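Each remark here refers to the structure printed beneath this line.
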Amino acid sequence: MTRQQGVLRPDVGADDHQDGSPDAPVTLVEYGDFQCPFCYRAHPIVMALQRQLGSQLRFVFRNFPITEIHPNALHAAEAAESVNAHAGPDAYWKMHHTIFEHQQDSPDALDDVHLVQYAAASGADPVQVELDLESGAFREKVKADFLSGVRSGVNGTPTFFINGTRFDGNWTDRGEFAGALARAAGVVLTEA
């Protein structure tokens, strides 16, 4: 069996966190780590690209916590999954943004106490999120995302896939990144 490197495995499905229409001509998948400083830098870039491409872009986030160097990343991912399960996708995206907005606030910005506060601010029951963190209720979901990243050839964060193919360009160069997305979508960009 031949393995193709740089191909998304599995394809985007119902269990993925999706922001945008499933019918969008381009799907951007990010394997990310909520404690990763590079993912923190990528977050506003992705948000700007979402605004720029509008209905042409569907964004998908998959968890890839690198716990050896980011000890709070696993619980951050689990807390976000708990919010999604109990309060829905809108609350999930609010939690997702809140985690990245606060990631650099202090060394303990992603400890369980803060994660539960962010979950409450996102519309989830903080007691339920705390119980889920204690029990590891969403550890298998996070592990499934992580293993899909391994199968897809992910070895660091953030790693992006455009329409199922790994983007090996410079994501910090918004023009290059936007250009790759626009080509995949078959659209001409307007400035955002």
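Structure notes:
- Residue satisfying condition, being under 12 Å from the mean Cα position of the chain (by Cα) and closer than 17 Å to G156 by Cβ, within set F38, F64: F64
- Qualifying residue in the range 93-113 (condition: farther than 27 Å from G20 by Cα, in contact with a Leu (Cβ under 6 Å, 6 or more places away or on another chain) and part of a helix (DSSP H, G or I)): yes
- Of the criteria (1) closer than 20 Å to P10 by Cβ; (2) at pLDDT 95 or above, which one A184 fails: (2)
- Residue list for the range 62-100, filter: without any contact (Cβ under 8 Å) to a residue 12 or more places away in the chain and either charged (D, E, K, R) or crowded, with 16+ Cβ neighbours inside 10 Å (or both): E68
Yes or no, residue by residue, for (1) more than 15 Å from Q50 (Cα to Cα); (2) over 16 Å from the mean Cα position of the chain (by Cα):
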residue: H114; (1), (2): yes, yes
residue: L131; (1), (2): yes, yes
residue: G136; (1), (2): yes, yes
residue: L147; (1), (2): yes, no
residue: V150; (1), (2): yes, no
residue: G153; (1), (2): yes, yes
residue: T159; (1), (2): yes, no
residue: W171; (1), (2): no, no
residue: R174; (1), (2): no, yes
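- If you go through the range 8-41 and keep only what is out of contact with any helix residue (DSSP H, G or I) (no Cβ under 9 Å at 6 or more places or on another chain) and either closer than 28 Å to D108 by Cα or surrounded by 13 or more Cβ atoms within 10 Å (Cβ to Cβ) (or both), you end up with V12, V29, P37, F38, R41.
- Filtered residues of the range 142-192 (kept if outside any helix (DSSP H, G or I), farther than 28 Å from D132 by Cβ and aliphatic (A, V, I, L, M)): I162, V187, V188, L189, A192
The values are calculated or read from the model by the stated rules, or taken from the named source; none is laboratory data. This structure is a prediction, so every number in the text was calculated from the model and none was measured. Here Cβ is always computed from backbone atoms with ideal geometry, including for glycine, and neighbour counts include all displayed protein chains.
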